[in-house]
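Undergrad: Below is a structure I'd like to ask you about.
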Amino acid sequence: MSNKRFTGAGVALVTPFNEQGDIDIPSVHSLVEWHLESGTDMILPSGTTGEAATLSKDEFAELVTAVLEVVDGRIPVIPGTGTNSTAKVIEMSQLAQSLGADGVLVVSPYYNKPTQAGLYEHYKAVAESIEIPVVMYNVPGRTSSNISAETQLRLAEIPNIVATKEASGNFKQIMHIIDNCPDDFSVLSGDDSDAFSIVALGGDGVVSVVANEMPAEMSKMIEQALSGNFAGARELHYTMLPLMEANFFETNPIPVKTVLAAMGKIQEKFRLPMVPIADENRKKLLAVAKSMGLIS
């Protein structure tokens, strides 16, 4: 039995909004039920895919509470609490802990472009402010800075920093972390198209966008890859790959919410600065979803 806290297929959950622009709590409940039925291993609300940057503190609490109510302790709930102010991350992480979250996902501070020393001190301060586990999130494409392998490995020595969500696409760096991290530390792919490869290299799972649309398939792919059935996992990888790519025709989460709306799971509502998908991209995106049997 693994002593790692977080492994398997996690979903970077979208935040559904209603006609009034508020969080659509009934849709949150039904999405979470669907994930539980489909074998999703972890739910990560209020991340990039969840339009976290547009949620107020009260809405964050409302969303996380709604997810926790349905999950009822069955799988880990790991809300995103990251921003570019360490004090604010501490405040949100303490709130997540008080709500009953199983951990927090903390994106590297964006815009500020901290040094490696600054990144280390940021995560250390957050980890020391709470008792629940911390998952680092390295996504240079959005933050303009990379948490180096050396810094991540130093942070992995802090007892409640238990995992990294790696979306750097730098396989040399990711392999170095996998090869040198503590036995109880998880390396999760932050990019759907890299997930199969990262698990094959010794990683522990994924925090997935495409799992919003194809939760059972993503869960099965990761399960098979973790158990060493690489042929089966590879087949599922290539089955999902067209949609993994289509989900980035425009900025995430615009495409994934468009598909979920076409599937009847949520309303197609965004918060500015996110806007509906361009017509040409909509046609291409929905053609991919149709080819996979997600919509008729």
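The values are calculated or read from the model by the stated rules, or taken from the named source; none is laboratory data. These numbers were taken from a predicted model, which means no experiment stands behind them. All Cβ positions, glycine included, derive from the backbone under ideal geometry; neighbour counts span all protein chains shown. The protein model used for the area step is the full one, side chains on, heavy atoms only, and it has no ligands, DNA or RNA in it. Shrake-Rupley method; radii C 1.70, N 1.55, O 1.52, S 1.80 Å.
Undergrad: Restrict the check to region 120-129 and report whether at least one residue is part of a loop (DSSP other than H, G, I, E, B) and open to solvent by 10 Å² or more (accessible area, probe 1.4 Å).
TA: no
Conditions tested, residue by residue: (1) among the aliphatic types (A, V, I, L, M); (2) surrounded by fewer than 24 Cβ atoms within 10 Å (Cβ to Cβ); (3) within 22 Å of Asp22 (Cβ to Cβ); (4) in contact with an Asp or Glu (Cβ under 9 Å, 6 or more places away or on another chain).
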residue: Ser193; (1), (2), (3), (4): no, yes, no, yes
residue: Phe196; (1), (2), (3), (4): no, no, no, no
residue: Gly203; (1), (2), (3), (4): no, no, no, yes
residue: Asn212; (1), (2), (3), (4): no, no, yes, no
residue: Glu217; (1), (2), (3), (4): no, yes, no, no
residue: Ile222; (1), (2), (3), (4): yes, no, no, yes
residue: Leu236; (1), (2), (3), (4): yes, yes, no, yes
residue: Leu241; (1), (2), (3), (4): yes, yes, no, yes
residue: Glu250; (1), (2), (3), (4): no, yes, no, no
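Undergrad: Here is a follow-up. For region 138-181, enumerate the residues that are within 17 Å of Val207 (Cβ to Cβ), part of a helix (DSSP H, G or I) and in contact with a strand residue (DSSP E or B) (Cβ under 7 Å, 6 or more places away or on another chain).
TA: Result: Thr143, Gln152, Ile174, Ile177, Ile178.
Every residue, every condition in (1) surrounded by fewer than 21 Cβ atoms within 10 Å (Cβ to Cβ); (2) among the acidic types (Asp, Glu); (3) under 24 Å from Tyr137 (Cβ atoms); (4) in contact with an Asp or Glu (Cβ under 9 Å, 6 or more places away or on another chain), yes or no:
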residue: Ala225; (1), (2), (3), (4): no, no, yes, no
residue: Val256; (1), (2), (3), (4): no, no, yes, yes
residue: Glu268; (1), (2), (3), (4): yes, yes, no, no
residue: Met274; (1), (2), (3), (4): yes, no, yes, yes
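Undergrad: Just to be sure before I move on: is Met274 in a helix (DSSP H, G or I) and closer than 22 Å to Leu13 by Cβ in the structure I sent?
TA: Taking the combined requirement at face value, the residue does not satisfy it.
Undergrad: Checking Val32 against (1) open to solvent by 10 Å² or more (accessible area, probe 1.4 Å); (2) in a helix (DSSP H, G or I), only one condition comes out false. Which one?
TA: Against the list (1) open to solvent by 10 Å² or more (accessible area, probe 1.4 Å); (2) in a helix (DSSP H, G or I), Val32 comes up short only on (1).
Undergrad: Which of the residues spanning region 100-117 are in a loop (DSSP other than H, G, I, E, B) and farther than 20 Å from Val67 by Cα?
TA: Ser108, Pro109, Tyr110, Tyr111, Asn112, Lys113, Pro114, Thr115
Undergrad: Right, next: State yes or no: is Ser186 under 30 Å from Lys265 (Cα atoms), polar (S, T, N, Q), surrounded by 16 or more Cβ atoms within 10 Å (Cβ to Cβ) and within 16 Å of the chain's Cα centre (by Cα)?
TA: no
Undergrad: Moving on. Just name the residue that is nearest to the chain's Cα centre (by Cα) out of those in region 46-96 that are on the phi > 0 side of the Ramachandran plot and without any contact (Cβ under 8 Å) to a residue 60 or more places away in the chain.
TA: Among residues in region 46-96 that are on the phi > 0 side of the Ramachandran plot and without any contact (Cβ under 8 Å) to a residue 60 or more places away in the chain, the one nearest to the chain's Cα centre (by Cα) is Ser46.
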